[in-house]
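Engineer: Okay, handing you the structure first.
The values are calculated or read from the model by the stated rules, or taken from the named source; none is laboratory data. Just so we're clear, the structure is a prediction, and the values are computed from it rather than from any experiment. Note that we place each Cβ from the backbone using ideal geometry, even for glycine, and neighbour counts take in every protein chain shown. Only protein heavy atoms, including side chains, enter the accessible area calculation; ligands, DNA and RNA are left aside. Shrake-Rupley method; radii C 1.70, N 1.55, O 1.52, S 1.80 Å.
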Amino acid sequence: MGGDSSGYKDYVAGLLAGVATVITGHPFDTVKVKLQKHNTEANGIKYRGGLHCTARILKTEGVKGLYRGATSSFVGMAFESSLLFGIYSQAKQSLQGQNQSGKPQPQVIIPSAAFGGAIISFVLCPSELVKCRMQVQGTDTLVVNSNRYSSPIDCALKTVKSEGVTGIFRGGFTTLLRESLGNAVFFSTYEYVRFHMHLHLNDASSDPAHLIDVGVGIMSGGLGGIAFWSAVLPLDVAKTIIQTSSDRSSTRNPFQILKSIYRGSGLSGCYMGLGPTVVRAFPANAAAIVTWELAVKMLGIRQD
């Protein structure tokens, strides 16, 4: 890899990965936020599960209901993936130095991934706050019409107007925790699964190499995504509640919120929305990794 000149390519590859993620994953995300919001509320419609919720949205709003809030997601996700993958690649390179052994090195992967995650949380927090508040209105909502946001911009402006600039960073600490921990888990899983699959496949298989690469990308990305959410979904549930709470004086401490959810509805309450999240995590992250690895190849960044 040439010195710093090709640095921007890492960010381009990440951007493309982000677009692939939204196309694949956004419909699942809408369902997840709906479930987290409606099924932890005392009154209002309860969904029997992800499929019931999806059917309700399709029936009342059609396909565009599933892509509700997606505009900000496309911009946010493209930007955020660009940063995450770019920072991860570059941090990894500088930490590895000359020691580019084939084997994954946790002491390189974990800090690179956690650092990338921490940085993007500053972008993610305001964009997800707006997205969650937009997604929570719509089908079967209890939000009064007069308080509705007409667009993401309207939501952002009203939030800043009523709560100040810090209002838009509500849930920032929780997002930072979720992203640093989650991405350390994601990239570790991705690198290890990828390493071991290539180890076994390249010796055993006569299939064309690019087919193997796609297969490995799908598995390592998909499993990485599942690992990410299994590790940090409780923090995500707490974040949704912190960000969509109408009472501004309510606590922003994720552990306090999780303690009270745990008291009320046990571990399954802390993992509310796990079904749609895992179902989404596999294809969305598989798409991201396959796209990222393909882009890295096409841009001629690495030959490994």
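Engineer: Checking the conditions here, which among 207, 203 is modelled with pLDDT under 90, open to solvent by 80 Å² or more (accessible area, probe 1.4 Å), among the charged types (D, E, K, R) and assigned to a helix (DSSP H, G or I)?
Structural biologist: That would be 203, the only listed residue that is modelled with pLDDT under 90, open to solvent by 80 Å² or more (accessible area, probe 1.4 Å), among the charged types (D, E, K, R) and assigned to a helix (DSSP H, G or I).
Engineer: Restricting the search to the range 51-92, which residues are part of a loop (DSSP other than H, G, I, E, B) and either in contact with a Pro (Cβ under 9 Å, 6 or more places away or on another chain) or open to solvent by 40 Å² or more (accessible area, probe 1.4 Å) (or both)?
Structural biologist: Of everything in the range 51-92, those that are part of a loop (DSSP other than H, G, I, E, B) and either in contact with a Pro (Cβ under 9 Å, 6 or more places away or on another chain) or open to solvent by 40 Å² or more (accessible area, probe 1.4 Å) (or both) turn out to be 67, 68, 69.
Engineer: Oh, and also: Run residue 165 past the list (1) touching a residue at least 12 places away in the same chain (Cβ under 8 Å); (2) open to solvent by 20 Å² or more (accessible area, probe 1.4 Å) and report the number of the one that doesn't hold.
Structural biologist: So residue 165 meets the others, but not (1).
Engineer: In the range 93-118, what residues are of a type in the set (S, T, N, Q), in contact with a helix residue (DSSP H, G or I) (Cβ under 6 Å, 6 or more places away or on another chain) and outside any helix (DSSP H, G or I)?
Structural biologist: Across the range 93-118, there are no qualifying residues.
Engineer: Restricting to the range 94-104, name every residue that is within 27 Å of the chain's Cα centre (by Cα) and under 20 Å from residue 193 (Cα atoms).
Structural biologist: 96, 103, 104
Engineer: Further question on the same structure: I need the full set of residues from the range 105-123 which are within 14 Å of the chain's Cα centre (by Cα) and open to solvent by less than 10 Å² (accessible area, probe 1.4 Å), in order please.
Structural biologist: 113, 116, 117, 120, 121
Engineer: Return the total of residues in the range 261-281 being assigned to a loop (DSSP other than H, G, I, E, B) and either over 22 Å from residue 223 (Cα atoms) or free of Cβ contacts under 8 Å to residues at least 60 places away in the same chain (or both).
Structural biologist: Selection size over the range 261-281: 1.
Engineer: Test residue 301 against the criterion of being open to solvent by less than 10 Å² (accessible area, probe 1.4 Å), more than 24 Å from residue 176 (Cβ to Cβ) and hydrophobic (A, V, I, L, M, F, W, C), and give yes or no.
Structural biologist: Criteria met by residue 301.
Engineer: With respect to the numbered conditions (1) farther than 21 Å from residue 291 by Cα; (2) in contact with a Phe, Trp or Tyr (Cβ under 9 Å, 6 or more places away or on another chain); (3) small (Gly, Ala, Ser), which one is the sole condition not fulfilled by residue 162?
Structural biologist: (2)
Engineer: For the range 26-34, does any single residue satisfy the condition of being buried (at least 19 other Cβ atoms within 10 Å of the Cβ), on the phi < 0 side of the Ramachandran plot, among the acidic types (Asp, Glu) and modelled with pLDDT under 90?
Structural biologist: yes
Listed here are the residues, each with its yes/no results for (1) touching a residue at least 24 places away in the same chain (Cβ under 8 Å); (2) outside any helix (DSSP H, G or I); (3) open to solvent by 50 Å² or more (accessible area, probe 1.4 Å); (4) among the acidic types (Asp, Glu).
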position	(1), (2), (3), (4)
219	yes, no, yes, no
222	yes, no, no, no
248	yes, yes, yes, no
283	yes, no, no, no
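Engineer: Residue 173: open to solvent by 60 Å² or more (accessible area, probe 1.4 Å), in contact with a Lys or Arg (Cβ under 8 Å, 6 or more places away or on another chain) and either within 14 Å of residue 114 (Cβ to Cβ) or not small (Gly, Ala, Ser) (or both), yes or no?
Structural biologist: yes
Engineer: Say whether the condition of being closer than 30 Å to residue 161 by Cβ, of a type in the set (D, E, K, R), out of contact with any Leu (no Cβ under 6 Å at 6 or more places or on another chain) and open to solvent by 20 Å² or more (accessible area, probe 1.4 Å) is met by at least one residue in the range 252-275.
Structural biologist: The answer is yes; a qualifying residue exists.
Engineer: Condition first: modelled with pLDDT under 95 and loosely packed, with under 13 Cβ neighbours inside 10 Å. Can you find one or more residues in the range 210-217 that meet it?
Structural biologist: Checking the range 210-217: at least one residue is modelled with pLDDT under 95 and loosely packed, with under 13 Cβ neighbours inside 10 Å.
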